[in-house]
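A.B. asks: My structure is below; once you've seen it, I'll send some questions.
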Amino acid sequence: MSTPERMPLEQQITLIELVDRVLNKGVVLTGDITLSVAGVDLVYVGLRVLLASVSTLERLHEPEAA
Amino acid sequence: MLHLYAVVEGLDDLPRLAGVAGAPLGRLAVDGVEAIVSEHAVAEVEPSDAAVLEHAGVIDAAMAGSSAILPARFGRGFPDGRSLEEALRHEREELTRALERVRRCVEFGVRMLAPVEQPPDPTGPLNGADYMRARLGELERSETLAATVHLALAERSRECERVASPMSRLLLSGVYLVPVRHAAAFQDEVRRLERAHRDLGFLCTGPWPPYSFAAIGDDER
């Protein structure tokens, strides 16, 4: 997806999860061939972005913990 | 070709919005199972950023107006109405069962992450065997914790699935099918778990349409 780094973290995560669901999950009927872009790569890329974002998330949560 | 958005039950009206690439939405019913589609002159619809969001937008809107929905995976589409009708007829029983399973339910995704860095052991260097034992103990504690959290969330779900994680920091990745009327209680439970484990990162997304619980046939979990 385009320029996710400019979006707030919560939105980034939601977008990654949305794309994962639309391309990798959901019902598939006989005759509807699924797309080759779907698969492990997308989820893995998404997760990497997610994990990279966690330090930001942890900073967001610090005031609560204090 | 026909692009498929979802299989629905008890849909009053089609969502008042356009589908992928501005195409008008249509409905196609066979023996009580109904599909939401749009017709396109092109051979196949590309899953661009916009198309993915439009596909998801139709599913969100259709979910609000129906009693049960199986979101469709973004596919290459059906050549014509007849081929889709055949598929619906052929898989009617399984679709009906799947609709029953997800009726009035939403989905949540929950991830639990270990802290970014493991602090070095202050007691000094360990020999290889001690290190291995310490590391194994750590992994066992992590797994016990992940299993406990998963169980607490599973108890509030109609169905759930723990997804295998490709990364050790991601202690838990799960999807949970939750009745709409218990959705707030589920989110409260996630917040309670988060407060109980402040050193861990919790990510909860949703409520989603039940994408992860819509599979039928060979895909069925």
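The values are calculated or read from the model by the stated rules, or taken from the named source; none is laboratory data. In this text, all values refer to a predicted model and were calculated from it rather than measured experimentally. Note that each Cβ is placed from the backbone with ideal geometry, even for glycine, and that neighbours are counted across all protein chains shown.
A.B. asks: Quick one: B:M1 ticks every box in (1) touching a residue at least 40 places away in the same chain (Cβ under 8 Å); (2) in contact with an Asp or Glu (Cβ under 8 Å, 6 or more places away or on another chain); (3) crowded, with 23+ Cβ neighbours inside 10 Å bar one, so which box is it?
C.D. replies: Every condition holds for B:M1 apart from (3).
A.B. asks: So B:E189 passes all but one of these: (1) modelled with pLDDT under 95; (2) buried (at least 18 other Cβ atoms within 10 Å of the Cβ). Which condition number does it fail?
C.D. replies: Every condition holds for B:E189 apart from (1).
A.B. asks: Take the residues in the stretch B:4-35 that are buried (at least 16 other Cβ atoms within 10 Å of the Cβ) and in contact with a Pro (Cβ under 8 Å, 6 or more places away or on another chain), then tell me which one is nearest to the other protein chains (Cβ to nearest Cβ).
C.D. replies: B:A6
A.B. asks: Pull up the stretch B:160-181, narrow it to residues that are surrounded by fewer than 18 Cβ atoms within 10 Å (Cβ to Cβ) and over 17 Å from the mean Cα position of the chain (by Cα), then point me to the one that is farthest from the other protein chains (Cβ to nearest Cβ).
C.D. replies: Residue satisfying both the conditions and the ranking: B:R181.
A.B. asks: OK, next. Could you tell me whether B:L200 is at pLDDT 90 or above, surrounded by 17 or more Cβ atoms within 10 Å (Cβ to Cβ) and either on the phi < 0 side of the Ramachandran plot or among the β-branched types (V, I, T) (or both)?
C.D. replies: When the stated conditions are applied, B:L200 does not pass them.
A.B. asks: Can you tell me which residue within the stretch B:37-94, out of those that are of a type in the set (S, T, N, Q) and under 13 Å from B:A21 (Cα atoms), is farthest from the other protein chains (Cβ to nearest Cβ)?
C.D. replies: Only one residue tops the list, namely B:S38.
A.B. asks: Considering only the stretch B:138-156, state which residues are modelled with pLDDT under 90 and either within 19 Å of the chain's Cα centre (by Cα) or not hydroxyl-bearing (S, T, Y) (or both).
C.D. replies: Matches in the stretch B:138-156: B:E138, B:L139, B:E140, B:R141, B:E143.
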